Each structure stands twice: as C-alpha cells, then as structure tokens.
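Asker: Could you have a look at this structure, given as structure tokens, before my questions?
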Amino acid sequence: MTILVETRPNYRVITLNRPDRLNSLNTQMHEELMWELDAAETDEECRAILLTGAGRGFCAGQDLQDVQVTDGEVPDLRAVLERYNALVRRLRGLRMPVVCAVNGVAAGAGANLAFACDIVLAAQSANFIQAFSRIGLIPDCGGTWFLPRLAGSARARALAILAEPLPAERAAEWGLIWRAVEDDKLGEEALSLVARLAEGATVGYALIKQALDASEANSLDAQLDLERDLQQEAAETPDYAEGVRAFVEKRAPKFTGRR
Ligand code: T3D
C-alpha cells in the first residue's frame, strides 16, 4: 500500500507511504490517495483529516523515476497534471478540515499539496522546495496560485525561480504555513489539532473553506453577499443552536457536525 489510513472515531490519519522515495507520487499512489479522500468524504462519521508522510520526508512531488523521458519524443504531461489537479480540487473541496503535518522535506508537487490543505504544521527541520525549475518545469499542483497569495509576489517569484529550500520556520514567518513545531512534538500537536477539529462545527468549517476560496476572485460586494448566504446555511445547522445555548449556559458545546 502506498497510503496508510488510520480510522479514529471521528477523523482519519492518511499517511503517504513510499518512504524510500521520500513519498514521491506515482500513479498507484495518486489513485490510492484519491480513493482514501473520497472514502473519508462519504463517511458521515469522519469530520477531519490529518495528512502526513512516512519516514524522513513528507513528499518529494512527482516520482521522477516513473516518468518517461525519451530523446526525440515530445513528452505529454497533461494526463499526469490532471491527476494532480484532481487531488488539489479534492482537498480544497472536502467538507471537512484537512490538517497537514509536514514531517520532513516537501518538494515540488509535495510542497504545493501541503499548501492546498487547510492548516499546515511543519517540523522545524522540514524544508519546502519549489523544485520544479531545477528540472526545467514550472510550479504546478496550484503552486503559481498558492505562492503569490500566501507569500506575496516577490517571494513567490524567488521561491519558484531559485528553487531554494525554505526552512519551516521561515515558511511560517512568511505566512505559507500555520506553525513550525519542534520535530519531536509534531505528531502529538497535529493529532491534538485534528482531534479538536473533529469535535467542531463541521458544516461551519466547510462553509468557511468555501467562503475563503471564493474571496480570492470576488469583489467585496460579491463576498458580502456570499457571506450572507453561507451564514444563513451555517445558522440552519443544529450546531449553531447548540453553540449559542452552550455559550449562554457557560459550558462547552457538543457539536454533531451535521446539517
Ligand atoms: O511528470 C512530471 O514531471 C510532471 C509533474 C510534476 C510535478 C513535480 O512534482 S515536478 C518536481 C519533482 N520533484 C523533484 O524534483 C524533487 C526531487 N528530489 C529532490 O530534489 C531531493 O530528493 C530532495 C531535495 C527532495 C531531498 O534530498 P535528499 O538529499 O534529502 O534526499 P535524496 O537522497 O535526494 O532522496 C532520497 C531517495 O529518494 C533517493 O533514492 P535512493 O538514491 O536512496 O535510492 C532519491 O532518488 C529518492 N527520491 C527523492 N525524490 C524523488 C525520488 N525518487 C523519485 N522521484 C522523486 N521526486
């Protein structure tokens, strides 16, 4: 199996599992990862996901030993890229929060897969590398969209063109990730975060994801209208009533995550 899954009562831990190749993605891994994300989405009990990697790396992007480069033949990467695009769309569109625990190097599409997740923690020793230009490519897997939005244009350009390793702490300072944590605390912190999210107002989280993604292309006017409509949806969930009741009664809310 290229993907390991641990199913906890209300969340899943999905681990990229090709450690000898720094969890780089081949066709089988793409298929298995997509299958697991679909399975989590359709499991009503599942309310959060933790994505991480086995071994010393998080993900080194495309498995370069799996690509065919033949002299005199024009390569066609479009089918490969469609698989990455489908993964990014799936992660962004999931009806639950996805925490990413970057346990080691995240290179190429591996870095951008992490940026597609909702909350990214990284081990202090981890690096993010837009490795693409080292092999004559451009950042894909959403890289040219995420980088300028997260880090600003100047940093995005330098990261993409220079392909230098960006240490986790600097990635956090620059706003590319949520937090860098001590290496030996990463697992514990990531599990505690995903467990907390799995008890939260799941529908509200999904609507937050939707609103923030839409804001990237919306005017303030359009975004205000969207907020009005999504807030109405949130207010129609039992979790809104429970949240207000719990506040008034000065107790912790017990959210169901249901509509
Ligand atoms: O088809 C297409 O190309 C289109 C799709 C594009 C999407 C992309 O993601 S393009 C970018 C692809 N990724 C890269 O270019 C990164 C390649 N890897 C590296 O530059 C380095 O491995 C790292 C900087 C990530 C880590 O360096 P280091 O020194 O810590 O480890 P290492 O020794 O290079 O790697 C350890 C092993 O993993 C090694 O195998 P070995 O020699 O022990 O048998 C290495 O070959 C393997 N490995 C690492 N990355 C990949 C890989 N094997 C296949 N594909 C990889 N991407």
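The values are calculated or read from the model by the stated rules, or taken from the named source; none is laboratory data. All values derive from a computational prediction rather than experimental measurement. Glycine also receives a Cβ, built like all others from the backbone with ideal geometry; neighbour counts cover every protein chain displayed. Please note that ligands, DNA and RNA were not included when accessible areas were found on the heavy atoms of the full protein model with its side chains. Shrake-Rupley method; radii C 1.70, N 1.55, O 1.52, S 1.80 Å.
Asker: Starting from the amide H of TYR11, placed 1.01 Å from N in the peptide plane, find each other amide H under 5 Å away whose residue is 5 or more places distant or on another chain.
Answerer: Those qualifying (amide H under 5 Å, at least 5 residues apart or on another chain) are ARG47.
Asker: Compute the helix-to-body angle for 238-248: its Cα long axis versus the longest principal axis of the chain, expressed 0 to 90° and rounded to tens.
Answerer: 60 degrees
Asker: Quick check: at a probe of 1.4 Å, how many percent of the accessible area of region 107-213 sits on carbon and sulfur atoms? Write down the numbers at each step before the final one.
Answerer: On the way: 2720 of 4930 Å².
Heavy-atom surface of region 107-213 belonging to carbon and sulfur, 1.4 Å probe: 55 percent.
Asker: What shape does region 131-253 have by the C-alpha gyration tensor, where a ≥ b ≥ c are the square roots of the eigenvalues, rounded means a/c under 1.5, and otherwise prolate means a/b greater than b/c and oblate the rest?
Answerer: On the way: a/c = 3.24, a/b = 1.56, b/c = 2.08.
Cα axes put region 131-253 in the oblate bin.
Asker: So for MET1, MET34, MET29, what's the accessible-area order with a 1.4 Å probe, most first?
Answerer: The ranking, largest first, comes out as MET1, MET34, MET29.
Asker: Rounding to the nearest 10 and keeping the result within 0 to 90°, find how far the Cα-based axis of helix 153-162 lies from the longest principal axis of the chain.
Answerer: Here the helix axis deviates by roughly 40 degrees.
Asker: I'd like the carbon and sulfur percentage of the solvent accessible area for region 1-98, probe radius 1.4 Å, heavy atoms only, ligands and nucleic acids excluded.
Answerer: Working: 2590 of 5180 Å².
About 50 percent, which is the carbon plus sulfur part of the accessible surface.
Asker: If THR42, THR237 are ordered by their accessible area, calculated over protein heavy atoms with a 1.4 Å probe, which sequence runs from highest to lowest? Walk me through the intermediate numbers first.
Answerer: Working: THR42 110, THR237 15 Å².
Largest accessible area first, the list is THR42, THR237.
Asker: GluC sites (Glu not before Pro), restricted to region 118-189: which are DSSP loop and have at most 12 other Cβ atoms within 10 Å? Mind dumping the intermediate values first?
Answerer: Working: sites: GLU169, GLU173, GLU182, GLU188, GLU189; in loops: GLU182.
Here the GluC sites (Glu not before Pro) that fit, given the DSSP loop and packing criteria, are GLU182.
Asker: Please list, ordered by chain and number, the residues whose modelled amide H lies under 5 Å from the amide H of ALA107; skip anything fewer than 5 residues away on the same chain.
Answerer: CYS59, ALA60, GLY61, ILE129
Asker: Could you work out how far apart the two model spin labels at ARG56 and LEU150 are, taking each label as a point 7 Å from the Cα in the direction of the beta carbon, and quote it in nm?
Answerer: With each label placed 7 Å out from Cα toward Cβ, I get 2.4 nm.
Asker: Before I look further, what does the chain give for accessible area per residue, probe 1.4 Å, in whole square angstrom?
Answerer: On the way: 13720 Å² over 259 residues.
Counting only protein heavy atoms, the per-residue value for the chain is 53 Å².
Asker: Also, quick follow-up: From the phi of every residue in region 30-44, what ³J(HN,Hα) in whole Hz does the Karplus formula 6.51 cos²θ - 1.76 cosθ + 1.60 yield, where θ is phi - 60° and glycine or proline is x?
Answerer: In residue order, the calculated couplings are 3, 5, 5, 5, 4, 4, 5, 5, 4, 5, 5, 4, 8, 7, 4 Hz.
Asker: Also, quick follow-up: Using +1 at the Cβ of each Lys and Arg and -1 at the Cβ of each Asp and Glu in the chain, identify which of CYS46, TYR240, ALA114 lies farthest towards the dipole's positive end.
Answerer: Farthest along the dipole direction, towards plus: TYR240.
Asker: Per residue of region 181-188, in order, report the coupling 6.51 cos²θ - 1.76 cosθ + 1.60 (Karplus, θ = phi - 60°) as ³J(HN,Hα) in whole Hz, putting x for Gly and Pro.
Answerer: Whole-Hz 3J(HN,Hα) from phi for region 181-188: 10, 4, 3, 7, 9, 4, x, 4.
Asker: Once the whole set of protein chains is in place, how much accessible area is left on ILE135, using a 1.4 Å probe, in Å² to the nearest 10?
Answerer: 100 Å²
Asker: How would you classify the chain from its alpha-carbon gyration tensor, with a ≥ b ≥ c the square roots of the eigenvalues: rounded for a/c under 1.5, else prolate if a/b is greater than b/c, otherwise oblate? Walk me through the intermediate numbers first.
Answerer: Working: a/c = 1.78, a/b = 1.58, b/c = 1.13.
Verdict is prolate for the chain.
Asker: If packing is taken as the average count of other Cβ atoms within 10 Å, what order do 240-249, 213-222, 122-131, 145-154 fall into, highest mean first?
Answerer: Values: 240-249: 12.8, 213-222: 10.9, 122-131: 23.5, 145-154: 15.6.
Top of the packing list down: 122-131, 145-154, 240-249, 213-222.
Asker: Amide H neighbours of SER125 under 5 Å, counting only residues 5+ apart in sequence or on other chains, H built in-plane at 1.01 Å?
Answerer: Answer set, sorted by chain and number: ASP183.
Asker: Whole-Hz ³J(HN,Hα) for each residue in region 70-76, computed from phi via Karplus 6.51 cos²θ - 1.76 cosθ + 1.60 with θ = phi - 60°, x for glycine and proline: what do you get?
Answerer: Along region 70-76, the couplings run 10, 4, x, 10, 7, x, 10 Hz.
Asker: While we're on this one: Would you look at the GNM of the chain, springs on alpha carbons closer than 10 Å, and say which of VAL67, VAL120, VAL102 moves the most?
Answerer: VAL67
Asker: Another one. For n ≥ 4 DSSP H runs only, could you compute -39500 (n - 2.57) per run for the chain, divide by its residues and tell me the 222 nm figure to the nearest 500? Don't skip to the answer; put the middle values down first.
Answerer: Details: 10 runs with 117 residues, N = 259.
Rounded to the nearest 500, the figure is -14000 deg cm²/dmol.
Asker: Give the residue list of GluC sites (Glu not before Pro) in region 23-70 that are DSSP loop and have at most 14 other beta-carbon atoms within 10 angstrom. Write down the numbers at each step before the final one.
Answerer: Values: sites: GLU31, GLU32, GLU36, GLU41, GLU44, GLU45; in loops: GLU44, GLU45.
Listed in order of number, the matching sites are GLU44, GLU45.
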